[in-house]
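The block underneath contains the structure these notes are about, expressed in structure tokens.
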């Protein structure tokens, strides 16, 4: 399924399953897909959409197209805790008394958003972490933006989910069962929902058709995101899914082929990181990121905005750390600064 996936409105992607694209204004992704599953006289949603940006109004219109309303939503099954997937949960819960479910390993992310003290700790941790990786100026700019955002936004409207889901859990609906699979990488607690009987994989941001998901941008990053992501890709590669329903982009039917493309992309990026260190000099992750190109448009690091520079450095750390784990690079700490160099 191709075409203008973000503007086509509600689409039946499988019997009883509807894709509703909701707008993400000011975001390069343009829209997020949420999925409405008919469950008797109720609706089960996969992901919730973003608060603001007209998403709530678009969701109301989409549900009306199905002859339903917000009050008909019984359950919100969220793939991960990012704003565009979790942001509307509080409003939808208030409108419908829906049960919200999320992967158990997203606790740290949700706590960092909902608890003021934990939020302050998380942005300070990220500032220090980015600074240790040579991105002091980027970290300072991001820190100011994050603090200002919290000061202007006031108390977070987010609330923890009603149910924490674990790998292997089953969510039983009236006519289908969704199996939860843990797929860390994009976030630590990312999960996908597999409807094996109907050959459907609700993939969230784990496997996307046109872009690679960001890695390692967490409240408390540890550099292990790429290793986890590659393991998670291998875990879903042979899933019995005739159709993959992603968080962004059109539905697609070649899960194995797309997984292989994503693995190849990251292996190429690993090679680019090694090449950036090929002259024998030790460099920070920020300096390596500056030698790479970013996005499908091959932008330079300097062309990125502050947020995307933070993403770029975080993802570069994830690549460099995997190369350290594989023995191709060594990491050293000098004056509270991490540098990487080719292993002897």
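The values are calculated or read from the model by the stated rules, or taken from the named source; none is laboratory data. Note that the coordinates shown come from a computational prediction; the quantities given were computed from them, not determined experimentally. FYI the Cβ positions are ideal-geometry reconstructions off the backbone, even for glycines, and counts take in every protein chain you see.
Restrict the check to segment 48-69 and report whether at least one residue is under 26 Å from residue 162 (Cβ atoms) and touching a residue at least 60 places away in the same chain (Cβ under 8 Å).
yes
For segment 254-275, state whether one or more residues are in contact with a helix residue (DSSP H, G or I) (Cβ under 9 Å, 6 or more places away or on another chain), buried (at least 21 other Cβ atoms within 10 Å of the Cβ) and part of a loop (DSSP other than H, G, I, E, B).
Looking for residues that are in contact with a helix residue (DSSP H, G or I) (Cβ under 9 Å, 6 or more places away or on another chain), buried (at least 21 other Cβ atoms within 10 Å of the Cβ) and part of a loop (DSSP other than H, G, I, E, B), one finds none in segment 254-275, hence no.
If you check 288, 244, 313, 317, which single one turns out to be out of contact with any strand residue (DSSP E or B) (no Cβ under 9 Å at 6 or more places or on another chain) and crowded, with 16+ Cβ neighbours inside 10 Å?
Values: 288 fails: out of contact with any strand residue (DSSP E or B) (no Cβ under 9 Å at 6 or more places or on another chain); 244 fails: out of contact with any strand residue (DSSP E or B) (no Cβ under 9 Å at 6 or more places or on another chain); 317 fails: out of contact with any strand residue (DSSP E or B) (no Cβ under 9 Å at 6 or more places or on another chain).
Result of the check over 288, 244, 313, 317: 313.
Somewhere in segment 295-304, is a residue more than 23 Å from the chain's Cα centre (by Cα), closer than 20 Å to residue 130 by Cα and part of a strand (DSSP E or B)?
From segment 295-304, those more than 23 Å from the chain's Cα centre (by Cα) are 302; that's our starting set.
In the following step, the residues that additionally are closer than 20 Å to residue 130 by Cα were identified as 302.
Narrowing the set further to residues that are part of a strand (DSSP E or B) leaves none.
No; the residues of segment 295-304 include none that is more than 23 Å from the chain's Cα centre (by Cα), closer than 20 Å to residue 130 by Cα and part of a strand (DSSP E or B).
Residues that are under 20 Å from residue 32 (Cβ atoms) and within 13 Å of the chain's Cα centre (by Cα): list the strands (runs of 3 or more DSSP E) wholly contained in segment 168-230 that include at least 2 such residues.
Working: elements: 170-172, 177-182, 191-195, 200-204.
Strands (runs of 3 or more DSSP E) meeting the threshold: 191-195, 200-204.
Please indicate, with yes or no, whether at least one residue in segment 132-144 is within 20 Å of the chain's Cα centre (by Cα), under 14 Å from residue 311 (Cα atoms) and assigned to a loop (DSSP other than H, G, I, E, B).
Let us first name the residues in segment 132-144 that are within 20 Å of the chain's Cα centre (by Cα), namely 142.
Filter once more, keeping what is under 14 Å from residue 311 (Cα atoms): 142.
From what's left, assigned to a loop (DSSP other than H, G, I, E, B): none.
Within segment 132-144, none of the residues are within 20 Å of the chain's Cα centre (by Cα), under 14 Å from residue 311 (Cα atoms) and assigned to a loop (DSSP other than H, G, I, E, B).
For segment 306-318, indicate whether the set of residues that are farther than 24 Å from residue 187 by Cα, outside any strand (DSSP E or B) and without any contact (Cβ under 8 Å) to a residue 60 or more places away in the chain is non-empty. Can you show your working first?
Start the filter on segment 306-318 by keeping residues that are farther than 24 Å from residue 187 by Cα, which leaves none.
No, that holds for no residue.
State all residues of segment 35-61 that are touching a strand residue (DSSP E or B) at 6+ places or on another chain (Cβ under 7 Å) and surrounded by fewer than 21 Cβ atoms within 10 Å (Cβ to Cβ); if no residue qualifies, say none. Don't jump to the end; show me each part of the working.
Keep residues of segment 35-61 that are touching a strand residue (DSSP E or B) at 6+ places or on another chain (Cβ under 7 Å), which gives 35-37, 39, 42-50, 53-55, 58-59.
Matches in segment 35-61: 39, 42, 53, 54, 58.
Given the criterion crowded, with 20+ Cβ neighbours inside 10 Å and either at pLDDT 95 or above or touching a strand residue (DSSP E or B) at 6+ places or on another chain (Cβ under 7 Å) (or both), identify the matching residue among 168, 185.
Working: 168 fails: crowded, with 20+ Cβ neighbours inside 10 Å.
One residue alone meets the criteria, 185.
Which ones in segment 74-106 are surrounded by fewer than 19 Cβ atoms within 10 Å (Cβ to Cβ), free of Cβ contacts under 8 Å to residues at least 60 places away in the same chain and more than 16 Å from the chain's Cα centre (by Cα)?
Within segment 74-106, 74, 94, 95, 97 meet the criteria.
Could you tell me whether any residue of segment 231-239 is under 18 Å from residue 105 (Cα atoms), in contact (Cβ under 8 Å) with a residue 12 or more places away in the chain and in a loop (DSSP other than H, G, I, E, B)?
Scanning segment 231-239 turns up no residue that is under 18 Å from residue 105 (Cα atoms), in contact (Cβ under 8 Å) with a residue 12 or more places away in the chain and in a loop (DSSP other than H, G, I, E, B).
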